[in-house]
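The values are calculated or read from the model by the stated rules, or taken from the named source; none is laboratory data. In this text the structure is predicted, and so the values were computed from the model without any measurement. Quick reminder, even Gly has a Cβ in these numbers, built from the backbone with ideal geometry, and neighbours come from all protein chains shown.
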Amino acid sequence: MNIIKKEVSLGDGRHIEIETGKLAKQADGSAVVRMNDTMLLATVCAKKEVGENVDFMPLTVDYQEKYAAMGRFPGGFFRREARPSEHEILIARLVDRALRPLFPDNFHAEVQVQITLMSGDKETMPDQLAALAAASALAVSDIPFNGPVSEVRVSYLDGQYVINTPMADIDRAELDLIVAATAENIMMVEGEMKEVSEEIMLGALKAAHEAIKEQCRVIAELTVDSGKTEKREYCHEVNDEELRQRLHDAVYQKCYDFSKQGIANKHAREEGFDAIKQEFIDANYTEETLTDEIQFMIDRYYHDTEREAMRDMVLNERTRLDGRQLDEIRPLWSEVDYLPSVHGSAIFTRGETQSLSTCTLGTKLDAQTIDGAVIEGTRRFLLHYNFPGFATGEVKRSGSTSRREVGHGHLAWRALKEVLPSEEECPYTIRVVSDILESNGSSSMATVCAGCMALMDAGVKIRKPVAGIAMGLISKGDKWAVLSDILGDEDHLGDMDFKVTGTRDGITACQMDIKVDGLSYDVLAKALEQARQGRLHILDHIQSTIAAPREDYKPFVPRIVQIQIPKDFIGAVIGKGGEVIQKIQAETDTIINIEEVGDQGIVDIASANKDGIEAAVKWIKDICTVPEVGQVYDAKVVSIVEFGAFLEYLPGKEGLMHISEYDWKRTDTLENLLHVGDTVQVKIIAIDEKNGKLKLSRKALLPKPEGYVEEKPRSNGGGHGNGGNRSNGPRREGGRNEGHGDERRRSGGERRK
């Protein structure tokens, strides 16, 4: 075996190891990357053949975390890894976006990259190593690739930039970004921030790029050492240069002039460009001479010419396809409380992009369980993004959630989670759903705006409103133009898609994909400042529609009341097999959740019925009440015996009222005076210090007759006049203390005699 090992230093004593030549040798390329005890295996394979008329890059990137890597079993019935989780999809997207722009434009063979977490630890996040592993596998293959490229995590901690941050420090970082870059250019950025400034973000990009340059240097050495400097030959395009030039000469100016018209309607604009192409076809071909191959080349060449004309028009005329200025935001309109039965709703429309978002408030039982190989826990804030075909006027089969929908929803989730109130302030599980009803660019940013408004409409006390905007870039030579609030066409034909979200005070999330070499930090600074101005404009609009979160939740929203009980009483509230808590929920129409936190039990009681909540609170407090001498209760008769009656003075707690404590006058039997289910007001007159048994008395609450003479203690009853308590402390609900069963059996035996 020709095993090659390389090491990348992070400059602070930590290092990353890259190894190839040991595992998966039949793949076109494979590599193992290790940092601490986290190990990733990446493999890459590319087909040798290409189908006819393919003009795109069929790249698939898959990322999977093996549960065995963390010494765990997968959940579910089959106990094996199945379809990728959202976490795995998001990491695969990060790698895909770093790799895809670097394959040659004319290379159209299907490529599959697979990255697997083989070993993990609790210190090293695998997402910061995934692209390095994939790029290393490509480096030792013969697949054409314009790398090397790599990714790192960069955080801003205690005033310093940290590369590949330890897992325990990520949550407290002010900034957490994944950055991908070649040695020359930044390619991709995604992450979240705690309202940081544009200057801190730019500093993070520079720090990340310096670390990536070292990784790219080591990957380049790996290519040389593996002998893979020569890549495979390929020919995936059939071209007709005469046709290309003839089409360009015929349609370029027409496309340029049409772009200048500033047509805002997307479909009208598409029809106009299609008409230019069709005019060229009609002038040069008949049905007989227009073969499929020629039609395919015309479509490709026309797309390239249209792109060139549109870009030149923007750079020369300093105006946009829809007639806007470079920094102009499309017309905005919005509305809240549109849906009458949901907890919160908002419509946000920007140009031809529209999101209808809803907010639903639930209990802790509605929280999402995270059961990944590396990350476990629960999530109390969920955001889901849906993009149906009709949003773009297309017929599209409905199926499972796409990777794009997962990615856009996660970006909006990151944007909004920073401003949510704490769990103590808002004990709800919160779900926001964005349904995109129209789309012409920036639908994820419309989701941020509509989601923010839906939260406020629901009465969630977010700290500050959040807005999002997508920035674009067109550059050619020394000319460049930064575009605010880009259209779908400007995203597709431009050089950058830079989404920025934030409050008035700073950035909360970002996502950037760059398709051009040599993007300077001056251009990025310009884009960030232009994005800040656009964000403020959108925030003004949002607050003109809803200035602040509603003072109260809507009447039909379940209210949640939180109380604390001693930890020792948790079992009493739950009951054997959950019978007590289930009874409380059924009879009070509430949902109850109990968690043990320190020495306390935290009880959340939720219901849309205020009276039900109050009843449940009283019930639980009664269960947790420690009885004291002198307390008076309305007790329910549970059973009647010769020597008295057992009474339930609190839920699940019983005591004995001896027959002599029923009245001041002599009482020989209670059978005609009390019945099971009757309510009797009694007073606790004694508690046995040894066994906790209570002595209950009705007569202690009655006026003492004049001249009353105390009777001698009765001889029968086996001393039961001392009373009893059938509660067995805080952890027994409705159960009877030891001894009471014997006591009642003895009484029954006396009756049988």
Which condition breaks for I640 when tested against (1) modelled with pLDDT under 85; (2) assigned to a strand (DSSP E or B)?
-> (1)
List pairs: first in segment 95-115 and under 16 Å from A46 (Cβ atoms), second of a type in the set (F, W, Y) and part of a loop (DSSP other than H, G, I, E, B), Cβ under 7 Å, 6+ apart or cross-chain?
-> L102/F145; F103/F145; F107/Y234; H108/F56; A109/Y234
In segment 169-211, residues that are out of contact with any Leu (no Cβ under 9 Å at 6 or more places or on another chain), outside any loop (DSSP other than H, G, I, E, B) and touching a residue at least 60 places away in the same chain (Cβ under 8 Å) total 2
Reported set for segment 301-329 where residues are of a type in the set (D, E), within 26 Å of R350 (Cα to Cα) and out of contact with any strand residue (DSSP E or B) (no Cβ under 7 Å at 6 or more places or on another chain) is E306, D312, E317, D322
If you take the residues in segment 246-293 that are in contact with a Gly (Cβ under 7 Å, 6 or more places away or on another chain) and among the hydrophobic types (A, V, I, L, M, F, W, C), which one is farthest from D312 (Cα to Cα)?
-> A264
Name every residue in segment 546-572 that is more than 21 Å from G362 (Cβ to Cβ) and of a type in the set (A, V, I, L, M, F, W, C), in order of residue number.
-> I546, A547, A548, I565, F569, I570, A572
Selection from segment 289-322 of residues that are over 20 Å from E242 (Cβ atoms) and of a type in the set (D, E, K, R) | R307, R311, D312, E317, R318, R320, D322
Log entry, pairs with first residue in segment 140-161 being closer than 21 Å to L177 by Cα, second being among the basic types (K, R), beta carbons closer than 8 Å, six or more apart or on different chains, reads L157/R172
Filtering segment 565-592 down to residues that are aliphatic (A, V, I, L, M) and either in a strand (DSSP E or B) or at pLDDT below 90 (or both), which residue is surrounded by the most Cβ atoms within 10 Å (Cβ to Cβ)?
-> A572
Look through V32, V61 and report the one residue that is under 32 Å from the mean Cα position of the chain (by Cα), within 17 Å of A220 (Cα to Cα) and surrounded by 15 or more Cβ atoms within 10 Å (Cβ to Cβ).
-> V32
Please indicate, with yes or no, whether at least one residue in segment 641-651 is among the aromatic types (F, W, Y), in contact with a Gly (Cβ under 7 Å, 6 or more places away or on another chain) and under 28 Å from E706 (Cα atoms).
-> yes
Lone qualifier among D611, D604, D622, D568 - being of a type in the set (D, E, K, R) and without any contact (Cβ under 8 Å) to a residue 12 or more places away in the chain = D611
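Okay, residues lined up against (1) surrounded by fewer than 20 Cβ atoms within 10 Å (Cβ to Cβ); (2) farther than 26 Å from F381 by Cα; (3) in the same structural domain as S484 (by TED's automatic domain parsing):
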{"residue": "L326", "(1), (2), (3)": "yes, yes, no"}
{"residue": "L339", "(1), (2), (3)": "yes, no, yes"}
{"residue": "S345", "(1), (2), (3)": "no, no, yes"}
{"residue": "E352", "(1), (2), (3)": "no, yes, yes"}
{"residue": "L361", "(1), (2), (3)": "no, no, yes"}
{"residue": "K364", "(1), (2), (3)": "yes, no, yes"}
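Just the residues that are among the small types (G, A, S) and at negative phi, please, taken from segment 20-76.
If the condition is that a residue be among the small types (G, A, S) and at negative phi, then A27, G29, S30, A31, A42, A46, G51, A68, A69, G75 are the ones that fit.
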Can you find a residue in segment 668-686 that is in contact (Cβ under 8 Å) with a residue 40 or more places away in the chain and small (G, A, S)?
-> yes
Given the conditions (1) part of a helix (DSSP H, G or I); (2) without any contact (Cβ under 8 Å) to a residue 12 or more places away in the chain, and given that T229 satisfies all but one, which numbered condition is not satisfied?
-> (1)
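Yes/no per residue for (1) part of a loop (DSSP other than H, G, I, E, B); (2) touching a His at 6+ places or on another chain (Cβ under 8 Å); (3) among the polar types (S, T, N, Q); (4) at pLDDT below 90:
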site: N2; (1), (2), (3), (4): yes, no, yes, yes
site: K25; (1), (2), (3), (4): yes, no, no, no
site: A42; (1), (2), (3), (4): no, no, no, no
site: V50; (1), (2), (3), (4): yes, yes, no, yes
site: A69; (1), (2), (3), (4): no, no, no, no
site: F77; (1), (2), (3), (4): yes, no, no, yes
site: P84; (1), (2), (3), (4): yes, no, no, no
site: I91; (1), (2), (3), (4): no, no, no, no
site: Q114; (1), (2), (3), (4): no, no, yes, no
With E595, E671, E648, E628 as the choices, which residue is loosely packed, with under 13 Cβ neighbours inside 10 Å and either within 33 Å of the chain's Cα centre (by Cα) or part of a strand (DSSP E or B) (or both)?
-> E595
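One line per residue, one yes/no per condition, for (1) in a loop (DSSP other than H, G, I, E, B); (2) not charged (D, E, K, R):
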position	(1), (2)
L382	no, yes
F390	no, yes
R397	yes, no
T401	yes, yes
G407	no, yes
H410	no, yes
A415	no, yes
V419	yes, yes
Just name the residue that is nearest to A391 (Cα to Cα) out of those in segment 424-434 that are in contact with a helix residue (DSSP H, G or I) (Cβ under 9 Å, 6 or more places away or on another chain) and part of a loop (DSSP other than H, G, I, E, B).
-> Y428
Enumerated strands (runs of 3 or more DSSP E) restricted to segment 449-564, each holding at least 2 residues that are of a type in the set (V, I, T) and buried (at least 19 other Cβ atoms within 10 Å of the Cβ) | 467-476, 496-502, 507-514
Odd one out for D62, checked against (1) out of contact with any helix residue (DSSP H, G or I) (no Cβ under 7 Å at 6 or more places or on another chain); (2) farther than 16 Å from A139 by Cβ; (3) not small (G, A, S) | (1)
Subset of segment 42-80, residues of a type outside the set (K, R) and touching a Ser or Thr at 6+ places or on another chain (Cβ under 7 Å), comes to A42, T43, V44, Q64, A69
Could you check A24 against (1) under 22 Å from R93 (Cα atoms); (2) touching a strand residue (DSSP E or B) at 6+ places or on another chain (Cβ under 7 Å) and say which number it fails?
-> (1)
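Against the definition (surrounded by fewer than 20 Cβ atoms within 10 Å (Cβ to Cβ), assigned to a loop (DSSP other than H, G, I, E, B), in the same structural domain as V342 (by TED's automatic domain parsing) and of a type in the set (A, V, I, L, M)), how does L437 come out, yes or no?
On the way: surrounded by fewer than 20 Cβ atoms within 10 Å (Cβ to Cβ): yes; assigned to a loop (DSSP other than H, G, I, E, B): no; in the same structural domain as V342 (by TED's automatic domain parsing): yes; of a type in the set (A, V, I, L, M): yes.
No.
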Segment 72-101, residues that are of a type outside the set (D, E, K, R), more than 24 Å from the chain's Cα centre (by Cα) and surrounded by fewer than 17 Cβ atoms within 10 Å (Cβ to Cβ) = F77, F78
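So that you can scan it fast, the table gives a plain yes or no per residue for (1) surrounded by fewer than 18 Cβ atoms within 10 Å (Cβ to Cβ); (2) at pLDDT 75 or above:
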| site | (1), (2) |
| --- | --- |
| K653 | no, yes |
| W664 | yes, yes |
| I684 | no, yes |
| K693 | no, yes |
| V709 | yes, no |
| G741 | yes, no |
